[in-house]
Every structure is written in C-alpha cells, then in structure tokens.
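Working notes, beginning with the structure itself.
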Amino acid sequence: MPTADTTFQETEQEIVERWRAQELERAGFPEDMANELAMRTDVDLHAAINLIRRGCAPELAAQILL
C-alpha cells in the first residue's frame, strides 16, 4: 500500500515573505514585527530598511509604514 506524500512545498509567496522577514530582522526589526511587515504587500521593504538605517526606532518605523 503506497504511503501519502507528506512533503511540504513552500509557495513562492511564502518564500518571498520569509526572505523579506529575514531582511527586516537583519535591519533591526524584532522578529514578530518583521514577520507582520513581511506579509504586507503594501509595505516597501527598502523604505522600511532605510527608516531603520536613518535611526528610526522599529516601533515608529512600523507606525509610519502601516
């Protein structure tokens, strides 16, 4: 009797969201905030990272972006 294939295949969107979250964390966002921002297609990744690089606190940057 064949067994069911339980291999998990990430979608392209999930791969992109994971990458975005990693980049946001690397820039200085806390993990939970990075994950939330990464899922939002209306949040510009480069703008988010630039806010942090210019000295904006992650909480304020998230408020600006959202």
Subset of the stretch 52-66 [more than 11 Å from Leu24 (Cβ to Cβ) and of a type in the set (A, V, I, L, M, F, W, C)]: Cys56, Ala57, Leu60, Ile64, Leu66
Would you tally the residues in the stretch 43-66 being in a loop (DSSP other than H, G, I, E, B), without any contact (Cβ under 8 Å) to a residue 24 or more places away in the chain and either in contact with a Phe, Trp or Tyr (Cβ under 6 Å, 6 or more places away or on another chain) or over 19 Å from Trp19 (Cα atoms) (or both)? 4
Quick check on the stretch 52-66: of everything there that is hydrophobic (A, V, I, L, M, F, W, C) and open to solvent by 40 Å² or more (accessible area, probe 1.4 Å), which residue is modelled with the lowest pLDDT? Leu66
Scan of the stretch 3-42 for residues that are open to solvent by 70 Å² or more (accessible area, probe 1.4 Å), closer than 13 Å to Leu66 by Cα and either assigned to a helix (DSSP H, G or I) or charged (D, E, K, R) (or both), ordered by number: Glu36, Met39, Arg40, Asp42
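The values are calculated or read from the model by the stated rules, or taken from the named source; none is laboratory data. Remember, it's a predicted structure, so these values are computed and weren't measured experimentally. No Cβ is skipped: glycine too gets one built from the backbone with ideal geometry, and neighbour counts run over all protein chains shown. Heads up: the accessible areas ignore ligands, DNA and RNA and are worked out on the full protein's heavy atoms, side chains in. Shrake-Rupley method; radii C 1.70, N 1.55, O 1.52, S 1.80 Å.
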